[in-house]
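Computed from the coordinates by the stated procedures, all read-outs in this text should not be read as laboratory data. Remember, predicted model here, so these are calculated numbers, not experimental data.
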Amino acid sequence: MTEDATVVSEQAVLFGDNSLFAIVTESGAVRRSSAVILLNSGLLHRVGPSRLYVLLSRQLARQGFVTARIDASGKGDTPRRHGATAKDSLLQDYDDVCRGLHSRYGLDRFILIGLCSGADDAFAIASVRDNVAGLVLLDGYGATTLRYHFRHYGSRIFRLGSWMTRSRRIVNRLLRIKHRIEEDEADLSMVKIRNFPGIDEARRRFENISRHCERCLCIYTSASHSYYNYQGQLLDRFPTFRLQGGVREIYLPAAKHTYPLAHHRRIAIDSICDWAMDFS
Amino acid sequence: MEPFYFDERKLLGLYHPAAGLAKNIGVLICPPILGEYMRTHSCLRQLAIELAALGHHVLRFDYSGTGDSGGNIQAASVSGWLDEVCAASGELQAIAGVEKLAVVGVRFGAALAASAANDCPAITRLVLWDPVDDGSLYLRGVIETYEALIESHEYLAAEDLEDARSVTTGYALADSLLQGIAAFRFSDQGVTGARLSVLLTDKAVFDSGLWQGRTANCRLFEHECNWTTFSESVIFGGALVKELAQQV
């Protein structure tokens, strides 16, 4: 979290008919042509876990980005939209924020940043809105590969070899392995909890995103171990997902999902801000 | 709800005007700090809405270096936060046109509210939810929770571990803030009697009788808050919010 002396200013703003709550951050730095929108992480309000979104917004603002950390409808200080499906509500929220930022600053290209469910929302929005210029997915979508499974089960298979030499314990050990594999399968069910799209749907989304999005950054932590365990896995699984400015993957296996340790927060924020420097 | 920034410290205020016939006492809400701040946001918003519906003008706000307010936590101090409670009180009086205020304080926010009540004559009533009694014990709990998080982190590399241990909490608080928190004692504040209401969610704390010795208005309302374990789960108010509103 490199701090510089550039003063940032923040405003509390209500966007659209549903009074969508946002804190808009900007600075006197030369303004970039894309604005940043930060989407809620789970049920947490716009501040983000351990103030991650506030620190990130301010650092990006110092780099010239107008940033809006928002409370989607039904979260934080924004009321629920009655009668709208979750997907419709999400898109209406996004459109309201875009219109608001356009009318205030004349900006019409946007970078979406989200953690956990915020990453899932960003992924969904980016596939159907062609004004998304950049995408940052923190513990976002992922899918396993053969190499993932080798790494995941490799150590267990290795241990199996040594167990086989101890014939007295073979049966018990094999039973334990079976149990472990069942546990691993249960781990993989996290993917279901997150409501990740199926492979075909994900591939379709990536194709759509490739048509308009300039660049994408995916950061995975230890929380993604059940579906992601090496840097480059996303592109191994989706080799046709290519963007003009590149798709960058960062794997932080020691970091926790919500970055409760200051050291990992700093790495995540600096990585995102470094990546964002390539936007005009 | 009307959001705005006030004070030269750029504090975020969220004003909930009274619905219908307004009562002549405003309510200021002092949130807890650190992880507890995030966990109670939804609950305190519900409380503000509930109180506004009951005819109170309500102001929620974030201390500097916390939430959406200006500054960094590393530069924050307890004396600064106390000053901000008074500044927020003045802001609510000015916006709502009320002279008297009740303050709802949660955890260390309750400690700040109790301290500020001595300097801020407009505060005539305190409603405290699981207030901190001894700052040093509270801080020890925060530190132990953080250390347990580090110890249980099976993927933490050696260099990360060293870095994580170099800060006392996950927020890298300044020594002066840590000392300010540790120095707080509720018993030093002289806040007792009818102006004080206390709502406790932990039966063990209630059964200790500590708070009953300070006020007759001490109630137990059991609710799973898990203040002393590392948790990021949002606390939903429901009946607890109704109970707090009743206390006000």
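Residues whose amide H comes within less than 5 Å of that of residue B:27, counting only those at least five positions distant or on another chain, are B:57, B:58, B:59, B:102 (H built at 1.01 Å from N in the peptide plane). Mind pulling the angle between the C-alpha long axis of helix B:34-53 and the longest principal axis of chain B? Nearest 10 degrees, somewhere in 0 to 90. Taking the Cα atoms of chain B, the angle to B:34-53 is about 10 degrees.
Here the Karplus curve 6.51 cos²θ - 1.76 cosθ + 1.60, taken at θ = phi - 60°, turns the phi angles of region A:200-212 into couplings of 5, 5, 4, 4, 5, 4, 4, 4, 4, 4, 4, 6, 10 Hz, with x standing for Gly and Pro. Across region A:69-83, computed HN-Hα scalar couplings (Karplus, 6.51 cos²θ - 1.76 cosθ + 1.60, θ = phi - 60°) run 9, 10, 9, 5, 3, x, 10, x, 9, 9, x, 5, 8, 7, x Hz from first to last residue, x flagging Gly and Pro. For residue A:250, the residues whose amide H sits under 5 Å from its own are A:218, A:219, A:220, ignoring neighbours fewer than 5 places away on the same chain, with H placed 1.01 Å from N.
Using only alpha carbons, the protein assembly as shown has a radius of gyration to Kirkwood radius ratio (Rg to Rh) of 1.00. The alpha carbons of chain B occupy a box of 61, 43, 33 Å along the principal axes, longest dimension given first.
Cα centroid separation, region B:34-113 to region A:86-108: 30 Å.
The helix-based estimate of mean residue ellipticity at 222 nm for chain B, built from -39,500 (n - 2.57) per DSSP H run of four or more residues and divided by its residue count, is -12500 deg cm²/dmol to the nearest 500. Computed over region B:1-112, the convex hull of the alpha-carbon atoms projects to a mean area of 6.2 nm². Coupling constants for region A:53-61 follow from the phi torsions by the Karplus curve (6.51 cos²θ - 1.76 cosθ + 1.60, θ = phi - 60°), and in residue order they are 5, 5, 5, 5, 4, 5, 5, 5, 4 Hz; glycine and proline get x.
With contacts taken as Cα pairs under 8 Å and at least 6 residues apart, chain B reaches a relative contact order of 21 percent.
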